[in-house]
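Please read the structure below before turning to the comments.
The values are calculated or read from the model by the stated rules, or taken from the named source; none is laboratory data. Just so it is clear, the model here is predicted, and its values are computed rather than measured. All Cβ positions, even for glycine, are placed from backbone atoms using ideal geometry, and neighbour counts span all protein chains on display. SASA here: full protein model, heavy atoms, side chains in, ligands and nucleic acids out. Shrake-Rupley method; radii C 1.70, N 1.55, O 1.52, S 1.80 Å.
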Amino acid sequence: MTVLSTVCWGSFANTFKVTRNYRFDLYYWDYGLGIFLISLVLALTMGSFHGGSTAFLANVHTADNINLFYAALGGFIFNIANVLLVAGIEIVGLAIAFPISIGIALVEGVVLSYALQPRGNPVLLGAGVFMAVVAVVLVGKAYGALRTEGSVVSRRGVVVCLISGLLMGIFAPFVTRAMTRGNTLTPYTTAVFLTLGAFLCCFVFNTILMRKPIVGSPVAAADYFRAPASYHALGLLGGAIWGIGTVFNFVAASLVGVAISYAIGQASPMVACLWGVFVWKEFRGANARAKGYLAAMFGAYVLALVLIARAYAG
């Protein structure tokens, strides 16, 4: 399930890439609704299959209200981080944005989650996290090798990525708290309230960005309704893909601990890179240096996954 969550988290953005000249601010409304709806569907089916106190609705009634709040707050924070990450990619490119944002989030999220729930071998987990960070840096190096000479990195874009990474690393500890303290949430309940928080965040943060965007000109709500139905369907599909990955990651976290499942899930840049190489042909005509970084990245990620998996086995 952790590997499947990695695949889903690294694949959802393809649905946005299919659209043409469509603002991410508008796409995100359908995406936010999609992650909530799929989480709710899975909670009412897979999460309620065996009935009893662990069924979704029963768990909502018995769980501590503070844990429901923590899950929703984690989703609210994640949503801001995710939007800022995409804005950062638009400003400075994938080469700079992903290493900064995902690298910070990976280290911060794992360390804080492990502090709340110390499960697994800390030495192997730390080594695995380090190799994952190395892999993310190599992703950036590979994309950076494709940049044209004389390109300038925006300081504002770097700051946006820093804020995104810090916020993205915070949501995992809230999930850990909701799933491990007091009358806890099941993974399915956690996913529902996290995605609910993320969707509600759209009405605050996304609305602000539509009026005062970090990238591009302001857009109106009417522009959303002018978009083709296929674009709305793609947004919902992208949300469903990410939501499935999130539910799977939380279910796995209940077995191996949030730190380990989160760390493996954050290997998603490797999957995104595979899509970029083999489907979107982003490395067509790449030089030997870019291809070398790419090969090293795959090796580092494989080693990271092995070390993190061994951290649980150990």
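Loop by DSSP (not H, G, I, E, B), at most 10 other beta-carbon atoms within 10 Å: where is the longest site-free stretch of the chain for trypsin sites (Lys or Arg not before Pro)?
21-280
Once you sort the root eigenvalues of the Cα gyration tensor of the chain as a ≥ b ≥ c, which label holds: rounded (a/c under 1.5), prolate (a/b larger than b/c) or oblate (the other case)?
Cα axes put the chain in the oblate bin.
To the nearest 500 deg cm²/dmol, what mean residue ellipticity at 222 nm is calculated for the chain from DSSP H runs of n ≥ 4 alone, each contributing -39,500 (n - 2.57), summed and divided by the residues?
The per-residue figure over the chain is -25000 deg cm²/dmol.
Would you please give the residues with an amide H less than 5 Å from that of Phe283, counting only those at least 5 places away or on a separate chain, with H modeled from the backbone geometry?
Placed amide hydrogens put nothing under 5 Å from Phe283.
Quick one: 3J(HN,Hα) in Hz for the range 276-287, Karplus 6.51/-1.76/1.60 with θ = phi - 60°, rounded, Gly and Pro as x.
x, 6, 8, 9, 8, 6, 5, 9, 4, x, 5, 7
Which FRET efficiency value, to the nearest 0.05, do you get for Leu166 and Phe130 by plugging their Cβ-Cβ distance into 1/(1 + (r/R0)^6) with R0 = 22 Å?
The value I calculate is 0.70.
For the chain, report the accessible area per residue in Å² (1.4 Å probe, heavy atoms, rounded to an integer).
Computed with neighbouring chains in place, this is 43 Å² per residue.
What's the local net charge at Tyr31, with K and R +1, D and E -1, over the other residues with C-beta under 14 Å away?
0
Using a 1.4 angstrom probe on heavy atoms only, work out the carbon and sulfur share of the accessible area of the chain in %.
70 percent
What number comes out for the charge environment of Leu73, summing +1 per Lys or Arg and -1 per Asp or Glu over other residues with Cβ under 15 Å away?
+1
Quick one: Debye curve from the alpha-carbon atoms of the range 155-259 only, equal weights, vacuum; give me log10 I(q)/I(0) at q = 0.12, 0.21, 0.24, 0.25 Å⁻¹ to two decimals.
Normalising to I(0) and taking log10 leaves -0.58, -1.22, -1.32, -1.36.
Once phi is turned into ³J(HN,Hα) by the Karplus curve 6.51 cos²θ - 1.76 cosθ + 1.60 with θ = phi - 60°, what whole-Hz value does each residue of the range 205-212 show in order, with x for glycine and proline?
Those phi angles translate into 6, 5, 5, 5, 5, 5, 8, 10 Hz.
Explain nothing, just compute: Karplus ³J(HN,Hα) = 6.51 cos²θ - 1.76 cosθ + 1.60, θ = phi - 60°, for every residue of the range 80-86 in order, whole Hz, x for Gly and Pro.
Running phi through 6.51 cos²θ - 1.76 cosθ + 1.60 with θ = phi - 60° gives 4, 4, 5, 5, 5, 4, 5 Hz.
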